[in-house]
Each structure stands twice: as C-alpha cells, then as structure tokens.
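Here's the structure we're looking at; comments come further down.
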Amino acid sequence: MNSELTLYDYWRIINRRKWTALLIFAVTMSSTLFYTRMQPTVYSSHALIKIKPPASYYSMPGAEVQGFDQWSEVSTELKVIPSSEISERAAVKLGFPPGSKAAAAIAGSYKADALQDSNLISIASFDGNPAHAADVAAAVIDAYRDFDLEQKSRQARKTLEDISDRKNEVEENLRSFERRKQNFLENNPNTGLGAVLANQLSDLEAKKKDL
C-alpha cells in the first residue's frame with residue numbers, strides 16, 4: 001500500500017481545517033492590532049553637536065605638532081552628554097528643581113550617538129508630547145554648551161597661570177644670568193668666556209619671547 005501523500009491529499013487536509021486556520025489568523029491579527037493601538041505614541045526630537053578645538057588652539061605653541069584627537073574628544077563627550085551633570089542642568093533649565101523625580105526622568109528621555117566618520121554627535125530626545133521632546137533636546141544642548149564653556153574657561157585660566165609662572169621663571173633666570181655675566185666681565189675682562197654667557201642669555205631671551 002502506497003503511504004505517500006499527494007498534493008490532493010494535502011489540499012484535503014488544509015480544506016478540512018481551513019476554518020480553524022482562519023480563526024487562528026484572525027485572533028493573531030486582532031491581538032497584534034489591539035496591542036499596537038494600546039501603545040502610547042512616542043515622538044522624537046533631534047539636534048546635532050559639532051566637536052572641535054577652541055579657536056585659539058592652533059595659535060598655541062606646539063599645537064600643530066601635538067594635533068587634536070577628534071575621535072578621542074567625540075568619545076569623551078559621548079560620556080559627558082548623558083551624564084547626571086548635564087541631565088540635572090537640563091532639568092533646571094526646564095524649570096524642575098535639582099534632584100526631583102522629574103529631573104531624574106530627563107536623564108532617561110534622551111541619548112547621544114556619534115555620527116559615523118564625523119565629529120558630529122546626535123542628541124535624540126523622546127516623549128509622548130512632541131513639544132516637550134523638542135524642549136528636552138534644546139535644554140540638553142544648552143546645558144552641555146554651558147558646561148563645556150565652564151570647562152574650557154577653567155582650563156584656559158590654568159594654562160594662563162602656567163604660562164605666567166613659566167614666564168616669571170624665565171625672567172628671573174634672565175636677571176640672574178645678566179648679573180653673572182656682568183660680574184664675570186668686570187672680574188675677567190680679558191677672557192672669552194663672556195661670549196658663552198651671552199649665548200645663554202640670548203637663548204633665555206628667545207624663550208621669553210615665545211612665552
């Protein structure tokens with residue numbers, strides 16, 4: 001006896017169970033549609049941040065040699081933007097008191113992603129209210145801008161203090177060499193060692209000019 005099923009046999013089996021199959025299909029589609037309709041609508045708002053060195057960076061001595069590590073800077077800022085520091089500042093800009101539940105909710109309502117092969121960071125905020133989503137994105141941008149400006153200003157002040165200290169040190173060395181040169185020439189008028197001290201003095205003057 002041949003036990004192989006033919007196409008006709010398959011058709012008879014499907015035809016016998018067509019109402020069961022249609023019922024399962026209808027229930028599945030209805031459940032999916034119902035679940036989809038029950039989900040709240042979420043709107044998103046997007047903004048871009050461009051990471052670049054300060055305008056004064058390339059005018060600083062050695063900047064061309066050291067270079068600006070764009071990818072490292074982008075990676076660092078990707079950690080800064082979603083931080084509690086920025087989210088708290090953004091919440092305050094939106095009118096929420098620091099440390100409140102609303103302020104904590106801001107932290108989970110946006111994310112930062114790097115755009116491939118660029119120095120751009122995308123800020124995306126999500127909310128059931130499109131206007132609030134846009135407000136959050138704008139507040140995060142403002143909070144990050146203020147924070148970044150504070151950090152750069154602090155670093156600039158530190159750099160100026162270091163340069164000032166170095167300048168004072170060079171000036172003191174110049175005065176010391178000038179005194180030594182003068183004393184040496186007065187005590188040893190017929191030697192050629194004064195030229196050596198003069199060269200050292202010239203080097204220090206060049207360093208002072210660079211600073």
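Miscellaneous remarks
- Normalised contact order of segment 90-165, rounded percent, pairs of Cα under 8 Å and 6 or more residues apart: 25 percent
- Distance between the 7 Å Cα→Cβ label points at Leu120 and Leu7: 5.5 nm.
- Integer Hz, Karplus 6.51/-1.76/1.60 couplings in order for segment 101-113, x for Gly and Pro: 5, 4, 5, 5, 5, 4, 4, x, 9, 8, 8, 10, 9
- Subset of Lys181/Lys207; Lys52/Lys209; Lys50/Lys93; Lys52/Lys111 violating a 25 Å alpha-carbon distance limit: Lys52/Lys209
- Per the Debye formula on identical point scatterers at the alpha carbon atoms of segment 106-172, with no solvent, log10 I(q)/I(0) at q = 0.19, 0.24 Å⁻¹ is -0.82, -1.02.
- The candidates Leu7, Leu78, arranged from most to least accessible area with a 1.4 Å probe in the full protein assembly, appear as Leu7, Leu78.
- In the complete set of protein chains, residue-level accessible area for Arg179 is approximately 120 Å², probe 1.4 angstrom.
- Segment 130-140 - phi-based ³J(HN,Hα) in whole Hz, Karplus 6.51/-1.76/1.60, Gly and Pro as x: x, 5, 5, 4, 5, 5, 5, 4, 5, 5, 5
- Rolled with a 1.4 Å probe across the full set of protein chains, the surface gives Ser44 an accessible area near 70 Å².
The values are calculated or read from the model by the stated rules, or taken from the named source; none is laboratory data. Quick caveat, the model's predicted, so the values are computed rather than measured. Ideal geometry is used to build each Cβ from the backbone, glycine not excepted, and the neighbour counts take in all protein chains shown. Each accessible area value is taken on the protein alone, full model and side chains, heavy atoms only, with ligands, DNA and RNA left out. Shrake-Rupley method; radii C 1.70, N 1.55, O 1.52, S 1.80 Å.
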